[in-house]
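In what follows, a structure is listed as structure tokens, so that the remarks can point back to it.
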Protein chains: 2
Amino acid sequence: MPASDEQVRTTIESYVRLVGEGTGEEIVALFADDATVEDPVGTDVRRGREQLLEFYVGLGSLKRSARMLDAKVVAGHAAFSFELTIDFGEMAQKITPIDVMTFDDEGRITSMRAYWGASDAVTV
Amino acid sequence: MPASDEQVRTTIESYVRLVGEGTGEEIVALFADDATVEDPVGTDVRRGREQLLEFYVGLGSLKRSARMLDAKVVAGHAAFSFELTIDFGEMAQKITPIDVMTFDDEGRITSMRAYWGASDAVTV
């Protein structure tokens with residue numbers, strides 16, 4: 001049985017919360033074992049726990065915050081926009097992607113594709 | 001050569017404009033011949049000009065308006081949210097999907113998947 005929309009919504013809310021304040025390990029724990037991440041769309045696809053951890057561990061070490069802007073959940077799929085603000089002291093960078101995700105039956109993320117371009121990453 | 005991000009942006013802006021005020025034929029003219037539409041995600045995929053026209057011609061006959069809310073374009077791909085308000089006289093329905101699209105080399109839409117659930121369609 002596919003994940004319910006409630007499970008999916010819980011997972012994406014946890015994802016945005018942990019992207020804002022969790023460790024790389026905590027973020028990757030939301031993914032299925034062989035999950036893929038393409039961030040941003042058009043770059044190399046990362047696959048599996050090790051490659052995902054490489055990607056998220058750097059984020060986990062930064063001072064930052066994140067908040068959900070708009071989330072659509074339908075038929076066990078999700079597309080959502082969120083705002084990630086990374087605090088570099090002198091300046092901060094704000095990135096506002098739309099992420100598209102698929103999920104396994106337990107609500108773990110099986111794929112993530114992040115849509116954002118240069119104009120969606122601004123210095124503030 | 002894949003469509004440029006400028007071509008993609010022009011196409012999605014035309015799409016939202018025509019979803020708001022164009023005919024079914026005008027909307028379908030933005031798509032490649034064998035394009036697919038899954039709206040909302042989880043429903044049957046429509047393929048090709050005839051099936052797309054069936055889908056959009058009804059919309060084209062309604063009194064309505066649409067506006068882009070947020071658009072991400074990257075590597076010739078697009079994800080964007082927009083608001084479609086359909087005026088039924090006594091009441092109106094407002095739908096706010098996130099659409100994800102791919103494009104051919106000329107910037108025509110090759111696939112569209114619309115993410116929206118019951119909570120994204122409200123009576124106003």
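Numbers for the structure displayed
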| quantity | calculated |
| --- | --- |
| Filtered residues of region A:69-95 (kept if in contact with a helix residue (DSSP H, G or I) (Cβ under 7 Å, 6 or more places away or on another chain) and over 13 Å from B:Ile98 (Cβ atoms)) | A:Gly76, A:Leu84, A:Ile95 |
| Selection status of A:Leu52, surrounded by 20 or more Cβ atoms within 10 Å (Cβ to Cβ) and under 12 Å from the mean Cα position of the chain (by Cα) | yes |
| Single residue of region B:74-124 satisfying the filter (assigned to a strand (DSSP E or B), more than 8 Å from chain A (Cβ to nearest Cβ) and of a type in the set (Phe, Trp, Tyr)) that is farthest from the chain's Cα centre (by Cα) | B:Phe103 |
| Test result for B:Ala71, in contact with a strand residue (DSSP E or B) (Cβ under 9 Å, 6 or more places away or on another chain), within 14 Å of another protein chain (Cβ to nearest Cβ) and surrounded by 15 or more Cβ atoms within 10 Å (Cβ to Cβ) | yes |
| Residue in region A:48-63 that is assigned to a strand (DSSP E or B), more than 13 Å from every other protein chain (Cβ to nearest Cβ) and within 29 Å of B:Gly117 (Cβ to Cβ) present | no |
| Failed criterion for B:Ser119 (all others in (1) out of contact with any helix residue (DSSP H, G or I) (no Cβ under 6 Å at 6 or more places or on another chain); (2) of a type in the set (S, T, N, Q); (3) within 30 Å of A:Glu6 (Cβ to Cβ); (4) surrounded by 15 or more Cβ atoms within 10 Å (Cβ to Cβ) hold) | (4) |
| Hey, A:Asp44 more than 19 Å from B:Ser81 (Cβ to Cβ) and within 14 Å of chain B (Cβ to nearest Cβ) or not | yes |
| Selection within region B:78-100 - of a type outside the set (Asp, Glu) and out of contact with any strand residue (DSSP E or B) (no Cβ under 6 Å at 6 or more places or on another chain) | B:Phe88, B:Gly89 |
| Evaluation of A:Arg9 against (1) outside any helix (DSSP H, G or I); (2) within 14 Å of chain B (Cβ to nearest Cβ); (3) closer than 20 Å to A:Tyr115 by Cα (one fails), failing number | (1) |
| Subset of region A:89-98 (residues that are closer than 22 Å to A:Asp120 by Cβ and without any contact (Cβ under 8 Å) to a residue 40 or more places away in the chain) | A:Glu90, A:Met91, A:Ala92, A:Gln93, A:Lys94, A:Ile95, A:Thr96, A:Ile98 |
| Close pairs from region A:25-46: first closer than 20 Å to A:Trp116 by Cα and basic (Lys, Arg), partner assigned to a helix (DSSP H, G or I) and modelled with pLDDT of 95 or more, Cβ under 9 Å, at least 6 apart | A:Arg46/A:Leu52; A:Arg46/A:Glu54; A:Arg46/A:Phe55 |
| Residue in region B:21-44 that is at pLDDT 95 or above, surrounded by fewer than 17 Cβ atoms within 10 Å (Cβ to Cβ), closer than 20 Å to A:Lys72 by Cα and touching a Ser or Thr at 6+ places or on another chain (Cβ under 7 Å) present | no |
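The values are calculated or read from the model by the stated rules, or taken from the named source; none is laboratory data. What you see is a predicted model, and the numbers here were worked out from it, not measured in a lab. Glycine also receives a Cβ, built like all others from the backbone with ideal geometry; neighbour counts cover every protein chain displayed.
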